[in-house]
Amino acid sequence: MQKPIKNLVGQVADKENFFERPRETKKLWDALASGEHILFAAPRRSGKTSLLFHLQDNPKENKILIFLEVESVSSSVEFFKRLRDVLLQDDDLSSVGIRIGEGAKNVLRRIRGIGSDALAKIELADGEKMPPHKAFERLLGAVVKKLSDDEQLVIMIDEFAQAAQNIAENSPQAAKEFLLAHREIRQNRAFRDKVQFLYCGSVGLEYVTERLEASNAINDVRTVNLRPLQREEARELIQRIIAHENYPPEKSWFTEEIIAILLDRIRWFVPYYIQIFLDAVQTYSNDNELTELTETSIGKAYSQMLGVRKHFVWWEERLRKAFKGNEYKFVVDVLNTTAHKTSIDASEIANLAAKHNVEVFKPILEALKHDGYVVETGEASGYGKLYRFVSPILQDWWRLYVA
Ligand SMILES: Nc1ncnc2c1ncn2[C@@H]1O[C@H](COP(=O)(O)OP(=O)(O)O)[C@@H](O)[C@H]1O
Ligand SMILES: [Mg+2]
């Protein structure tokens, strides 16, 4: 019997509530072992941050994994200051968005030995003669000298593309320089074999860099995608959640038939959607004092889940940030149409682009695919490829609450 898992909703899952994803974990370790820099990409809520925490909690000997989250960062100075703080801050970090695994703590203590010397005092302030990334590069140079021969520092930066996009909102030129600065750091011979960057994000970094005409700034980074669970794994996760003592509905209510109904509705199997659905079933069965589950009650719980705005609203907000003016209208029109009709073909998309005077729409469509809104169905109408929402849950929400 597998260990029960608590139905956490919205907290990053770690330790005993982490549902193992061996395929995905291996992919990341293999990429890290190859020494490459990595872009770890998948739509929001697919479990990226949870997986990074899992790597930290189960490290491989020679990799020192540090984690910082930069979603709200909006300048290069702020970014490199944070990065410096992770390396040099005192123990017992309490800062939000920073996480150091147990194993890495000892190594960082060693590194902090350099905290007292001049390097740590490098000011990363605006108006300094030295650009912030140069100052950071010097610090990193000193840090790697403290590592033993077989140790490598892995700097995991969560929501990196979002930070780049925030910077671009103030100044596209600054964002471009920021991305190129990262490349410069990665290419620095002094620590090429000692430091690896793992950029993580829900927002397509490729798209952000393309927009800034800086695609070459990331062409040395290898993309690793996080795939959703397979149906069998999703079934196992459901079984482990309903077996947990903190999950009130009776385990016996979840017959094979009921589980199949849940799985059919979810279809895009990421832990989050499984958890919010099971949460909705719990609330619904409690409020209505159910003594069994039926297709009807599952359907009602599903509708209630869709009514919880905070589960989904990010998907809408994010588009507003990423696209402006006519492009925004075009994107919303495409999604509205797809939500209603379940699929849309290439010629309809082209028509909508024409309607909104959007001349170059292929990269926008790519971004929608990449960021987890739509996928190709694999079929085609007489007018070209067909697209649908990746997640039927998101499709239903979009149709009911946005379109
Ligand atoms: N491996 C996992 N085991 C259990 N729950 C998970 C797992 N991965 C993700 N979750 C759930 O999904 C939610 C979103 O995961 P998170 O790691 O924050 O995704 P992302 O970083 O891709 O947005 C978490 O709050 C957690 O409830
Ligand atoms: Mg995350």
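The values are calculated or read from the model by the stated rules, or taken from the named source; none is laboratory data. Everything numeric in this text was worked out from a predicted model, so none of it was measured. Because the Cβ atoms are built from the backbone with ideal geometry, glycine has one as well, and the counts that use them run over all protein chains shown.
What the table shows:
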{"read-out": "Failed item, numbered, when GLU71 is tested on (1) more than 16 Å from ligand 2 (Cβ to nearest atom); (2) modelled with pLDDT under 95; (3) in contact with a helix residue (DSSP H, G or I) (Cβ under 7 Å, 6 or more places away or on another chain)", "value": "(1)"}
{"read-out": "Candidate set from region 182-205 (those that are touching an Asp or Glu at 6+ places or on another chain (Cβ under 8 Å) and within 16 Å of ligand 1 (Cβ to nearest atom)); member that is modelled with the highest pLDDT", "value": "CYS200"}
{"read-out": "Single match in GLU213, GLU169 (criterion: at pLDDT below 95 and on the phi > 0 side of the Ramachandran plot)", "value": "GLU213"}
{"read-out": "Matching residues in region 243-273 - criterion: being more than 14 Å from ligand 1 (Cβ to nearest atom) and touching a Phe, Trp or Tyr at 6+ places or on another chain (Cβ under 7 Å)", "value": "LEU262, ARG265"}
{"read-out": "Residue in region 205-221 that is of a type in the set (D, E, K, R), farther than 28 Å from PHE323 by Cβ and over 22 Å from the mean Cα position of the chain (by Cα) present", "value": "no"}
{"read-out": "Single unsatisfied condition, LEU179 versus (1) under 30 Å from LYS6 (Cβ atoms); (2) modelled with pLDDT of 95 or more; (3) not in a strand (DSSP E or B)", "value": "(1)"}
{"read-out": "Index of the failed condition, VAL221 passing every other in (1) more than 14 Å from ligand 1 (Cβ to nearest atom); (2) in contact with a helix residue (DSSP H, G or I) (Cβ under 7 Å, 6 or more places away or on another chain)", "value": "(2)"}
{"read-out": "Condition broken by THR338, with the remaining ones in (1) over 17 Å from PHE389 (Cβ atoms); (2) buried (at least 17 other Cβ atoms within 10 Å of the Cβ) satisfied", "value": "(1)"}
{"read-out": "Pairs with Cβ under 6 Å, 6+ apart, first in region 2-20 and in a loop (DSSP other than H, G, I, E, B), second of a type in the set (Ser, Thr, Tyr) and more than 16 Å from ligand 2 (Cβ to nearest atom)", "value": "ASN7/TYR247"}
{"read-out": "Per-region count, region 34-85, residues within 16 Å of ligand 1 (Cβ to nearest atom) and of a type in the set (Val, Ile, Thr)", "value": "3"}
{"read-out": "Pairs with Cβ under 8 Å, 6+ apart, first in region 255-271 and under 16 Å from GLY47 (Cα atoms) and assigned by TED's automatic domain parsing to the domain that holds GLN395, second modelled with pLDDT under 95 and part of a helix (DSSP H, G or I)", "value": "none"}
{"read-out": "Residue in region 29-87 that is surrounded by the most Cβ atoms within 10 Å (Cβ to Cβ), counting only those that are among the hydroxyl-bearing types (Ser, Thr, Tyr) and more than 30 Å from LEU394 (Cβ to Cβ)", "value": "SER76"}
